[in-house]
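Some notes on the structure that comes next.
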Number of protein chains: 2
Amino acid sequence: MSARAGIVVTGTEVLTGRIADRNGPWLADRLLELGVELAHITICGDRPRDIEAQLRFLAGEGVDLIITSGGLGPTADDLTVDTVARFCGRDVVLDAALEARIAEIIKPLMARFTGPGAPDFATVRAANRKQALIPAGSTVLDPVGTAPGVVVPGAPTVVVLPGPPRELQPMWHKAIGTPEVQQAIAGRTRYEQQTVRMFGLPESGLADTLRHAQQVIADFVRLEITTCLRGGELEIVTRYEPDAAAAYGQLLAVLRERHARAIFSEDGSRIDDLVAGLLAGRWIATAESCTAGLLAGRLADPPGASDYLAGGVVSYSNDAKADLLGVDPALIAEHGAVSEPVAEAMAAGALRRFAADTAVAITGIAGPGGGTPDKPVGTVCFSVALGDGTLLTRTTRLPGDRADVRERSTTVAMHLLRRALSTG
Amino acid sequence: MSARAGIVVTGTEVLTGRIADRNGPWLADRLLELGVELAHITICGDRPRDIEAQLRFLAGEGVDLIITSGGLGPTADDLTVDTVARFCGRDVVLDAALEARIAEIIKPLMARFTGPGAPDFATVRAANRKQALIPAGSTVLDPVGTAPGVVVPGAPTVVVLPGPPRELQPMWHKAIGTPEVQQAIAGRTRYEQQTVRMFGLPESGLADTLRHAQQVIADFVRLEITTCLRGGELEIVTRYEPDAAAAYGQLLAVLRERHARAIFSEDGSRIDDLVAGLLAGRWIATAESCTAGLLAGRLADPPGASDYLAGGVVSYSNDAKADLLGVDPALIAEHGAVSEPVAEAMAAGALRRFAADTAVAITGIAGPGGGTPDKPVGTVCFSVALGDGTLLTRTTRLPGDRADVRERSTTVAMHLLRRALSTG
């Protein structure tokens, strides 16, 4: 027995690609955690005919649960509730208590807009009455923003959620707690899921190891393995029923035996979290050329980054390398701005200028111009310097376009940082 | 008459959200340009049964063209071609010339991998033979990577493309040129599409203006208007048949009359391109606290940014503000690090340190901690300073979480830069 689900994402701006859908992937993750199999995600514009066609399609495919996102606003093109009610064969009824709650929510919001162009309250309240119309017999999910959601029981059960991720996410957690949704997914299989991450291994090397694992692990077929190469990192996600845990243990042993150096995470931790952990008690500064601040920006992503991030210099011009980081112009003249000696001088300058104990420097050719036969586009030099004199300097040739090279450079720098801080 | 299309995105890693789909939105844009109406995007895993169900659904909805992406690799879970052939009622046949071309392509790629874990050539060639099996009577789209695509004529016509965007995009352009696809979309309507962008107007203000426009423009119904609020910018996309151009002219006049100050682009240009244009002949430096390099990184996005970007300082700590930018510690003690006087001192320091003629400073509270009643999370101070003494300083309260505040801060800075450089 198992439970299957489908997701219907509505919204012309999503269908036409002007907004990237974040709800489908997020809900997919939540379903996976629950052990509900996601069969289909479908996206359509704000057209009732198309929304209804997708609902019918998913019902025809025998899913137990449909989740919709979007189309719950007060305007005329927000039609999801009406469409779902019709699809479920239910009338739409006014929920007076809900109407009052929505009015309470929008009153303070309205106060923010004054002057010409501001909507008047009576008009808005009338428009919002529409949001209090729900399918008969459905369960209301209280609004997090201004739009309520509903759970409509049936076969399939339909959960109707608003489009903004900040509203959808907490409302999904409420929806999951309702008896209607619990009943719809009663047949789910509980899975374990484990993630291993590697860096610096070609995908074909992993493919070869998995073929080997298939031969030596008896219960290999009970492991559902997905591999994904992204920005130079390999992610290996394995899903299995709890009684296949031994097979997963064997797989992990094979991976460790063959790729000990490449594995940087066995519990799904990401490189950014690992580096943030290793930086506890340290004081780091960056010196960036081609990435122009992206590495410093990435180091500042976690809340509390001010505990370890002193700052950085974006030394995009050669003058900035000399004036702000003290790189000797003669060194640049001799070796070129993209060279290991210059990367090391940049790192040394960052250590000194910020009184830091950890520094990373990046200098490279992101393209599209600036490449030479010796140093083609994608050539990037890195140097990590620690206060105790530890120095880790590397040159790589990264694939892809300007944006790829810059983005991937920050990833390489994070891995070099991890290596220097783990062994230092 | 019109032409409708559907897109089928396959791949377990996309369905489960581990890779964000870039092909659906990209193809949606291309279809829009062609005047082909996109009805549905559907996403499923690498399961032939689910892929076939989606093909049947789209055919049942009467689309003229289906485009699939993904599932063309050499491994056993790449099943799109087989599934499409079955759906179209065609046998699969070996294209010997294609097989030879694929072998030529993979030979040099194989040479890159040597040593243990490297796959052997005969095995790979056998696996790649699978990629030379195509539906009888279909037209081959030569591989850009290693996977060929096909166009299968019929009702609907199916275009089968590989998953990697770098391969899919050029192959789509080839597919569009085939007589089979041209015939399938013969009924398309040619549209004009125009984009206006605004900054600093609440969405409700625009909604009110559009209601007004609806009353005063006779042919308003012939304009298909989509609005989208993103990071503080409003995007208004209008699509219309060529003979409704006068109505669009009237709409533009209404927007100009009411929102002259908010409009920054009438031809779809993005703020980054406008700022890059205004920076020609100038020399810019940044001083960033909460954004920690993201603005410098954004200014360096366009190729050729080295013509105007001197560099920047990420002054995350107060010491860095003093040591690298010359901000008087007494100023920080008096007003706090997040204050207009400190932002102005940072900008002045950046001008001086980089011998620049343009500088932008950002200092703010990105959260989640660090907020006070006076300066809650989201409070961000900006200052733009020009060599001629022009100074533009602003404080904003930005909504959202840490990542939103930091991202949106760079957008506000870009707009302040534009304003300072347009009037300066």
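Taken together, the values in this text are just the output of simple stated rules run on the coordinates, not laboratory data. Given the structure is predicted, the values throughout are model-derived calculations rather than measurements. Neighbour counts run over all protein chains shown; Cβ positions are idealised from the backbone, glycine included.
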Checklist outcome for this item: Among the stretch A:186-230, those whose backbone N falls under 15 Å of a label point 7 Å along Cα→Cβ from A:GLU266 are A:194-198
Checklist outcome for this item: Per the charge dipole of the stretch B:272-423 (beta-carbon charges, Lys/Arg positive, Asp/Glu negative, Cα centre), the residue among B:SER317, B:MET414, B:SER339 reaching farthest to the positive end is B:MET414
Checklist entry - What are the label-to-label distances in nm, one decimal and shortest first, from A:LEU133 to the same spot in the other copies, with labels 7 Å along Cα to Cβ? => result 5.3
Item to check | Euclidean distance between Cα centres, the stretch A:200-216 to the stretch B:214-251, Å | outcome: 54
Next on the checklist: Taking every DSSP beta bridge with both residues inside chain B, roughly what % is antiparallel (nearest 5)?
Outcome noted: 60
Checklist entry - A:THR189's amide H: which non-local residues (gap 5+, or another chain) put their own amide H closer than 5 Å, with H modeled 1.01 Å from N in plane and none for Pro or chain starts? => result A:ALA3
Checklist entry - Can you pull the mean other chain C-beta count within 10 Å for peptide B:281-292? => result 4
Item to check | Flagged links, alpha-carbon separation over 28 Å, of A:LYS130/B:LYS375; B:LYS321/B:LYS375; A:LYS130/A:LYS174; A:LYS174/B:LYS375; A:LYS107/A:LYS130 | outcome: A:LYS130/B:LYS375; A:LYS174/B:LYS375
Checklist outcome for this item: quick note, the protein assembly as shown, DSSP beta bridge pairs, % antiparallel (nearest 5) is 60
Checklist entry - Roughly speaking, what is the centre-to-centre gap between the stretch B:265-307 and the stretch A:1-37 when only Cα atoms are used, to the nearest Å? => result 35
Checklist entry - For helix A:203-216, what angle does its Cα long axis make with the longest principal axis of chain A, in degrees from 0 to 90 and rounded to 10? => result 70
Next on the checklist: Please compute the average number of Cβ atoms from other chains found within 10 Å of each residue's Cβ in peptide B:200-207.
Outcome noted: 3
Checklist entry - Along Cα→Cβ at 7 Å, what distances in nm separate the A:ASP219 label point from those on the other copies, shortest first? => result 7.0
Next on the checklist: If the elastic network links every pair of Cα atoms under 10 Å, which of A:PRO303, A:PRO153, A:PRO376 fluctuates the most in the Gaussian network model of chain A?
Outcome noted: A:PRO303
Item to check | Residue with peak Gaussian network fluctuation, chain B [Cα springs, cutoff 10 Å], from B:LEU58, B:LEU223, B:LEU391 | outcome: B:LEU391
Next on the checklist: Expected output is a single nm value to one decimal: the length gained when fully extending between A:VAL216 and A:ASP328, i.e. 0.36 nm times separation in residues minus the C-alpha distance. What is it?
Outcome noted: 34.6 nm
Checklist entry - Going out from 0 in 5 Å bins, what whole percent of all Cα-Cα distances in the stretch A:4-185 drops into each bin? => result 1, 8, 17, 21, 21, 15, 9, 4, 2, 1, 0
Checklist outcome for this item: So, with points 7 Å from each Cα along the Cβ direction, the A:ALA97-A:ARG129 label distance in nm works out to 2.1
Next on the checklist: For Cα pairs less than 8 Å apart in space and 6+ apart in sequence, what is the mean separation divided by the residue count of chain A, i.e. the relative contact order in percent?
Outcome noted: 11
Item to check | chain B: most fluctuating residue of B:HIS335, B:HIS259, B:HIS40 per GNM, C-alpha cutoff 10 Å | outcome: B:HIS335
Checklist entry - What nm value, rounded to one decimal, do you get for the distance between B:ASP273 and A:ASP273 when each label is placed 7 Å out toward the C-beta? => result 4.0
Checklist entry - Taking Cα atoms, how many degrees apart are the long axis of helix B:23-34 and the longest axis of chain B, rounded to 10 and kept between 0 and 90? => result 90
Checklist entry - Once the Cα atoms of chain B are picked out, what are the Rg and Dmax in Å? => result 27.2, 80
Item to check | Cα gyration tensor, the stretch A:290-407 - rounded (a/c under 1.5), prolate or oblate | outcome: oblate
Item to check | Projected area averaged over orientations for the stretch B:192-269, convex hull of C-alpha atoms, nm² | outcome: 4.5
Item to check | Relative contact order [Cα under 8 Å, 6+ residues apart], the stretch A:4-185, whole percent | outcome: 23
Checklist entry - For helix B:96-110, what angle does its Cα long axis make with the longest principal axis of chain B, in degrees from 0 to 90 and rounded to 10? => result 40
Checklist outcome for this item: So, relative contact order of the stretch A:192-269 in percent, Cα under 8 Å, 6 or more apart, is 48
Checklist entry - Shielding of B:295-307 by partners, i.e. mean partner chain Cβ atoms within 10 Å per residue? => result 6
Checklist outcome for this item: Distance in Å, no decimals, from the C-alpha centre of the stretch A:320-392 to the one of the stretch B:375-402 is 31
Item to check | Mean Cβ neighbour count within 10 Å, used as a protection proxy, ranking B:288-295, B:361-368 highest first | outcome: B:288-295, B:361-368
